[in-house]
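What follows is a set of notes on a single structure, which appears directly below.
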Amino acid sequence: MSGPPIERVRDNERRGVEPPYLSPDYRSTRLRAPDRPLILLPESMHDPTGPVYGESPPAETDSDLTRQHAGEPLGERIIVTGRVLDRSGRPVPNALIELWQANAAGRYIHQRDQHPAPLDPNFTGAGRCLTDGDGGYRFTTVKPGAYPWQNHPNAWRPAHIHFSIFGRAFTDRLVTQMYFPGDPLFAADPIFQSIRDPRARERLVSALDWDTTTPEWALGYRLDIVLGGRDATPVEA
Ligand SMILES: [Fe+2]
């Protein structure tokens with residue numbers, strides 16, 4: 001993740017890769033979009049010798065969201081894999097990937113999510129892992145459901161998984177979302193559509209992956225995350 005992040009986002013924004021801070025159809029951006037010039041953080045904040053995440057490695061169950069409770073969660077079990085690559089296509093090892101998602105019924109364990117879908121006592125919806133030497137990551141989870149979100153009348157988010165990727169320093173963090181192929185809600189989702197370049201939007205859509213699909217067990221989905229460059233994965237500014 002090289003270069004001042006804000007300049008990188010601005011550059012990508014011009015190319016339609018990053019969603020602009022203000023996307024009026026995505027209602028909450030109307031209030032949170034900055035209305036004054038941004039302040040660049042000093043480059044020292046991106047120094048990899050600065051504070052980093054903890055030294056204890058994630059536990060095995062951190063990347064298997066179906067084994068974090070006494071029983072198995074309800075829903076369609078899936079395996080999500082991919083690689084984290086830098087702008088030149090080189091693998092990024094040892095990056096901390098965190099994900100969070102709704103359960104199979106489309107409900108988050110969050111105080112603000114009170115829509116009438118059931119919580120699952122066997123599903124928290126949060127996981128993490130470190131990328132391996134080849135930049136690879138792997139999660140086992142259940143496919144999240146679509147959920148309503150009150151952005152506009154009858155607004156529904158396509159099924160998605162939120163991703164956060166930390167580089168070597170706390171300030172090297174990207175946040176994005178992974179979608180599932182062929183979702184009919186894409187066209188009506190202001191968050192997905194806030195990425196103006198259709199090719200960039202497609203880079204957030206995972207592919208069904210027969211290599212990781214496991215007979216009698218789980219479907220595999222694959223998404224590579226590219227940090228910058230022409231094929232950059234769109235991120236949330
Ligand atoms: Fe979400």
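The values are calculated or read from the model by the stated rules, or taken from the named source; none is laboratory data. Predicted model only: the values in this text are computed from it and were never measured. So basically every Cβ, Gly included, is an ideal-geometry build from the backbone, and we count neighbours across all protein chains shown. Surface areas here come from the heavy atoms of the whole protein model, side chains and all, with no ligands, DNA or RNA. Shrake-Rupley method; radii C 1.70, N 1.55, O 1.52, S 1.80 Å.
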Considering only residues of the stretch 159-173 that are at pLDDT below 95 and β-branched (Val, Ile, Thr), which is surrounded by the fewest Cβ atoms within 10 Å (Cβ to Cβ)?
Thr171
Can you tell me which residues in the stretch 75-94 are more than 17 Å from the chain's Cα centre (by Cα) and part of a loop (DSSP other than H, G, I, E, B)?
Gly75, Glu76, Arg87, Ser88, Gly89, Arg90, Pro93, Asn94
Count of the stretch 138-163 residues which are assigned to a strand (DSSP E or B) and either under 18 Å from Ile109 (Cα atoms) or not polar (S, T, N, Q) (or both):
12
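Select from the stretch 25-46 the residues that are touching a helix residue (DSSP H, G or I) at 6+ places or on another chain (Cβ under 7 Å) and modelled with pLDDT of 90 or more and list them in ascending order.
The answer is Asp25, Tyr26.
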Only one of Thr81, Thr49, Thr61, Thr66 is at pLDDT 90 or above and more than 19 Å from Asp132 (Cβ to Cβ), namely Thr66
Positions within the stretch 196-222 being under 24 Å from Glu72 (Cβ atoms), open to solvent by less than 40 Å² (accessible area, probe 1.4 Å) and part of a loop (DSSP other than H, G, I, E, B), in sequence order
Ser206, Asp209, Thr212, Thr213
Can you find a residue that is modelled with pLDDT of 95 or more, polar (S, T, N, Q) and either open to solvent by less than 40 Å² (accessible area, probe 1.4 Å) or more than 16 Å from the ligand (Cβ to nearest atom) (or both) anywhere in the stretch 90-99?
no
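Residues in the stretch 118-137: is at least one in a loop (DSSP other than H, G, I, E, B), within 14 Å of the ligand (Cβ to nearest atom) and of a type in the set (Phe, Trp, Tyr)?
no
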Sole residue being more than 22 Å from Glu202 (Cβ to Cβ) and in contact with a helix residue (DSSP H, G or I) (Cβ under 6 Å, 6 or more places away or on another chain), chosen from Gly127, Gly133
Gly127
In this structure, is Ala102 buried (at least 19 other Cβ atoms within 10 Å of the Cβ) and of a type in the set (Gly, Ala, Ser)?
yes
